[in-house]
Amino acid sequence: MYDLAPHLVLLLAAAAFFAGFVDAIAGGGGLITVPAMLIAGIPPLQTLGTNKVQSLFGAGSATIAYARKGHVNLRQQLPMALMAVMGGSLGAALATIVPGDVLRAIMPVLLVVIALYFALKPNLDDVDKHRRITPFVFGLTLVPAIGFYDGVFGPGTGSFFMLGFVSLAGFGMLKATAHTKLLNFGSNLGALIVFASFGATLWKLGLMMGVCQFLGAQLGSRLAMRIGARLIKPLLVLVCIAFTIKLLSDPANPLRVWLGV
């Protein structure tokens, strides 16, 4: 299982459980697992590939939980999921040729942007609103675009899907989150196929974290169906800020090196 100390393995297991919990409610599980794996010393490309292994478990677990309670119709959403698979595979193909230092430099910037969006975006609640785009156009444009992002980078994909459903499809947050999970599963699957073909997956570590993600997602999805996502918005902001500070505290971070700070 890679060359990790036992305490780092436990840290990654805890991060995966918490990521599954958070992701099942409001998305953003990758904001926890990807920085955690980088902090543990796993190279960027292997981090992205391994993250897809364990993310499949979390997305699949939440999808099953929401579908069982009737919050999402899996058959109707299958075409969108296939578009997510396509987007994820194309993004992963690009990620295999992007230098690792570029990914490590971009991550703190994206984490700050996502934190600001969650902190400043008003009216994120569980009430359905006016729809601004048809499901067909949404599935043809935004779904593969976000899936592409998931393949090339990943953290926050579930949140982007959810916010797309809220702001464009007019869904309340709970309904949006439920509809996000299958799309997230699709983009993870598409990306994993490509990463695995390049040997960029640490299977034992990914499967161990996947079991933890599955359990966390079961707990999170059940909580979301009880009280909604009103507690997760500030939680995601805090997580983004905390990991940004942690990543930038490393003097070897490429962004600090390039900026000379």
Å² per residue, accessible surface of region 6-259 at 1.4 Å: 42 Å²
Rule-of-thumb check for region 202-261: C-alpha Rg over 2.2 N^0.38 Å? 1.62
Among the chymotrypsin sites (Phe, Trp or Tyr not before Pro) within region 159-261, which fall in a DSSP loop and have no more than 16 other Cβ atoms within 10 Å of their own Cβ? Phe198
Could you tell me the largest-minus-smallest coordinate of the C-alpha atoms of region 1-119 on each of the three principal axes, in descending order and whole angstroms? 41, 34, 31
Computing the accessible area with a 1.4 Å probe over protein heavy atoms, can you report the carbon and sulfur percentage for region 6-259? 72 percent
Residue separation times 0.36 nm, minus the C-alpha to C-alpha distance between Leu219 and Val261: what's the value? 11.0 nm
Local electrostatic count, Phe138, Cβ distance below 10 Å [Lys/Arg +1, Asp/Glu -1]: +2
How much length is gained on full extension from Leu110 to Ala14, taking 0.36 nm per residue of separation minus their Cα-Cα distance? 32.2 nm
Quick check of the Kirkwood formula: for region 6-259, what is the inverse mean of 1/r over all pairs of different Cα atoms, in Å? 17.6 Å
Looking at this model, which pairs from Lys69/Lys175; Lys69/Lys204; Lys52/Lys175; Lys181/Lys204 are more than 22 angstrom apart at the alpha-carbon? Lys69/Lys204; Lys52/Lys175; Lys181/Lys204
Using a Gaussian network for the chain with springs between C-alpha atoms less than 10 Å apart, which of these wobbles most: Gly139, Gly206, Gly190? Gly139
By Kyte-Doolittle mean hydropathy of at least 0.0 and Cα axial length of at least 27 Å, which whole DSSP H helices of the chain are selected? 6-26, 44-68, 74-95, 100-120, 173-197, 203-227
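The values are calculated or read from the model by the stated rules, or taken from the named source; none is laboratory data. All values derive from a computational prediction rather than experimental measurement. Positions of Cβ are generated from backbone atoms using ideal geometry, with glycine treated the same way; all protein chains shown enter the neighbour counts. These area figures cover heavy atoms from the full protein model, side chains too; ligands, DNA and RNA do not enter into them. Shrake-Rupley method; radii C 1.70, N 1.55, O 1.52, S 1.80 Å.
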